[in-house]
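First up is the structure itself, then whatever we jot down about it.
The values are calculated or read from the model by the stated rules, or taken from the named source; none is laboratory data. Quantities reported herein were computed from a predicted structural model and do not represent experimental measurements. Here the Cβ positions follow ideal geometry from the backbone for every residue, glycine too, while neighbour counts run over all protein chains shown. Heads up: the accessible areas ignore ligands, DNA and RNA and are worked out on the full protein's heavy atoms, side chains in. Shrake-Rupley method; radii C 1.70, N 1.55, O 1.52, S 1.80 Å.
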Amino acid sequence: MAGATLEQQNLKTGLFAFAGALAMLGLGYAAVPLYDLFCRVTGFGGTTQVATEAEAAEAERLAATAASKTISVRFDASIARDVPWAFKPEKPTQTVKIGQRDLAFYTARNDSNVPITGAATFNVEPEQTGIYFHKIQCFCFTEQTLQPGEEVRMPVLFYVDPAILQDENAKDVEQITLSYTFHKAYDPNEDSSEKPAS
């Protein structure tokens with residue numbers, strides 16, 4: 001009888017350990033999307049926000065009732081080592097009215113002799129402004145494929161939320177830096193034996 005009870009306890013302990021291991025594995029897989037969701041909701045780590053046209057119109061309406069304060073936006077561009085592109089903003093800085101939609105352009109050129117698909121990651125500095133920097137349209141929402149030698153002009157439609165003026169930690173910020181980095185997107189059909197452009 002005591003032996004059966006010990007076996008039952010061992011089985012119960014084993015099942016709890018197995019369930020715990022499965023839970024930890026599930027949390028491991030969920031950690032990245034959950035962290036990404038947390039960053040998008042809170043602006044943590046300089047993560048920018050995505051806005052609808054209706055939200056942009058409301059922000060513009062709110063800004064019109066307040067003093068038309070401006071802020072400088074600096075545009076930064078970089079590429080990962082495995083992306084043979086030239087990538088830069090058309091203007092390094094713009095002064096924009098808080099709450100008003102503004103448009104900035106970046107250019108990218110594929111300097112290799114094979115098609116390259118890239119995806120842009122982004123953030124803003126200082127980090128506390130991420131929650132107030134809203135993008136309505138952006139090339140970073142989709143992967144970009146450039147043919148050999150192809151150059152494209154890529155827009156970013158954005159606004160700075162007037163709520164920034166009420167935030168004690170962000171209201172005195174004079175410049176926001178929007179940074180993009182292009183990384184090579186995985187493409188199973190792409191030839192990995194890329195030759196340098198001649």
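Filter the stretch 82-110 down to the residues that are open to solvent by 70 Å² or more (accessible area, probe 1.4 Å) and under 17 Å from Gln144 (Cα atoms), then identify the one that is farthest from the chain's Cα centre (by Cα). Restricting to residues being open to solvent by 70 Å² or more (accessible area, probe 1.4 Å) and under 17 Å from Gln144 (Cα atoms), the top hit is Arg109.
Restricting the first member to the stretch 90-108 and to residues that are more than 21 Å from Ala80 (Cβ to Cβ) and modelled with pLDDT of 95 or more, and the second to residues that are assigned to a loop (DSSP other than H, G, I, E, B) and open to solvent by 80 Å² or more (accessible area, probe 1.4 Å), the beta-carbon pairs closer than 8 Å and six or more apart or on different chains are Ala104/Glu90; Ala104/Lys91; Phe105/Glu90; Phe105/Lys91.
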